[in-house]
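The values are calculated or read from the model by the stated rules, or taken from the named source; none is laboratory data. All values reported here derive from a predicted model rather than from experimental measurement. Note that we place each Cβ from the backbone using ideal geometry, even for glycine, and neighbour counts take in every protein chain shown.
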Amino acid sequence: MKSEVHIAKAIIVNQHNQVLITQRPSNHKRSPNAWTTPAGHIEYGETAEEAVIREIKEEVDLDVTIRGFLGIAEMKAIENPLRTIYTHYFFAETEYSTVHLEEREFQAFEWISADKILIDERLAQPVRDMCKLAFKNR
């Protein structure tokens, strides 16, 4: 098992200044029913930006434009504290609001206004922190 895992994740904002959040299915192996934003593993030979664009298209069928890199959050894996997960956060914009969920990945989605996303306790603190940073830099 790798000691490091790199994930690319995006804070996606639509034309109405709303952020997309997605809910994992109840049978998801990690964090069932958790609310989050689209993300996925960075594949070999792929940049973090390429990975996040690919994952967004695969998971929610949105075309996005990356507007900036927000930072990297580091955490220990719950199932193995010797494993470190690095999440590369990006700020992305889309002209669309229609979402088609990949059913294995998500069971629901919502577009949340920028002011409400910062206090939405369904989201993990690192996601709310990156949302705050995304809107601060806009």
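Condition check: within 15 Å of ASN14 (Cβ to Cβ), at pLDDT 90 or above, surrounded by 15 or more Cβ atoms within 10 Å (Cβ to Cβ) and not basic (Lys, Arg). Does THR87 satisfy that? So THR87 fails the test.
Which residues, counting only those in segment 6-26, are charged (D, E, K, R) and modelled with pLDDT of 95 or more? Matches in segment 6-26: LYS9 only. Residue count for segment 70-85 under the criterion of being assigned to a strand (DSSP E or B) and either among the polar types (S, T, N, Q) or under 13 Å from the mean Cα position of the chain (by Cα) (or both): the result is 5.
With respect to GLU79, is the statement that it is without any contact (Cβ under 8 Å) to a residue 60 or more places away in the chain and either touching a Gly at 6+ places or on another chain (Cβ under 8 Å) or loosely packed, with under 14 Cβ neighbours inside 10 Å (or both) true?
On the way: without any contact (Cβ under 8 Å) to a residue 60 or more places away in the chain: yes; either touching a Gly at 6+ places or on another chain (Cβ under 8 Å) or loosely packed, with under 14 Cβ neighbours inside 10 Å (or both): yes.
It is true that GLU79 is without any contact (Cβ under 8 Å) to a residue 60 or more places away in the chain and either touching a Gly at 6+ places or on another chain (Cβ under 8 Å) or loosely packed, with under 14 Cβ neighbours inside 10 Å (or both).
Out of all the residues in segment 42-64, is one or more part of a loop (DSSP other than H, G, I, E, B), among the aromatic types (Phe, Trp, Tyr) and under 24 Å from GLU102 (Cα atoms)? Looking through segment 42-64, at least one residue is part of a loop (DSSP other than H, G, I, E, B), among the aromatic types (Phe, Trp, Tyr) and under 24 Å from GLU102 (Cα atoms).
Specify the residue that is surrounded by the fewest Cβ atoms within 10 Å (Cβ to Cβ); the eligible residues are those in segment 52-65 that are over 17 Å from VAL127 (Cβ atoms) and out of contact with any Ser or Thr (no Cβ under 7 Å at 6 or more places or on another chain). So, considering only residues that are over 17 Å from VAL127 (Cβ atoms) and out of contact with any Ser or Thr (no Cβ under 7 Å at 6 or more places or on another chain), the one surrounded by the fewest Cβ atoms within 10 Å (Cβ to Cβ) is THR65. Considering only segment 119-134, I want to know if a residue exists there that is surrounded by 15 or more Cβ atoms within 10 Å (Cβ to Cβ), charged (D, E, K, R) and part of a strand (DSSP E or B). Within segment 119-134 (the criterion being surrounded by 15 or more Cβ atoms within 10 Å (Cβ to Cβ), charged (D, E, K, R) and part of a strand (DSSP E or B)), the answer is no, since none of the residues qualifies.
Okay, residues lined up against (1) touching a Cys at 6+ places or on another chain (Cβ under 9 Å); (2) at pLDDT 95 or above; (3) among the aromatic types (Phe, Trp, Tyr):
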| position | (1), (2), (3) |
| --- | --- |
| HIS28 | no, no, no |
| TRP35 | no, no, yes |
| ILE42 | no, yes, no |
| GLU49 | no, yes, no |
| ALA92 | no, yes, no |
| THR98 | no, no, no |
| ARG104 | no, no, no |
| SER113 | no, no, no |
